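In what follows, a single structure is set out as structure tokens and then discussed.
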Amino acid sequence: MRGRPPKPTALHRLQGTYHTGKHRDRAREPVAEGELDEAPPWFTPAQREVWRYALDNAPKGVLKKIDLSVLMAWVDAFDRHRIAMEMQAKLDQDASLKLLIRTPQGLISSPYNEILDATGKKMMRAVAELGFSPAARPRIHADQAQPKDDPNNPWAALRLIPGGKRV
């Protein structure tokens, strides 16, 4: 990998850091359509809360319908991670040796440690998987995709003059 993944054009535009000269190679960046909205019907109430949290706190207009599977994997991992943390906390509440359990063979690492490790890794992978996550999307280039101007963007009406300055 060539270092830090590029920031999506949508985030540059939202943060006011988009520069036509610096970001000129973004013309081939694919533009995903359709906003994510309701959580899948099979989600538990706790998973629906995590889903809503993700949608409410993600930059507007960045998470798209194509991100459904990645977001579902992240929500599931997040929920399992939370449950494992709660269960481990219950085990550790009265234990003198935290993160360990006593078995007939002696002390061993708690099985919740493995769950926490696996779900943590899954959450981290989900945000950069296959270009479907907003942070990974700029790394994918599709010749046929062209960025669309947002008609609701009040800054879109500004005209670009030579030298890259807006007037």
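Using 7 Å Cα-to-Cβ label points, what is the residue 95/residue 38 separation (nm, one decimal)?
4.1
Give the order of 78, 43 when sorted by the count of other beta carbons within 10 angstrom, beginning with the fewest.
Final ranking by Cβ density, sparse to dense: 43, 78.
Among the listed pairs 22/121; 90/121; 65/121, which are separated by more than 28 Å between their Cα atoms?
22/121
Every number in this text was worked out from the coordinates using simple rules, so none of it is lab data. All of these numbers come straight from a predicted model, not from anything done at the bench. As a convention, Cβ positions derive from the backbone with ideal geometry for all residues, glycine included, and neighbour counts pool all protein chains shown.
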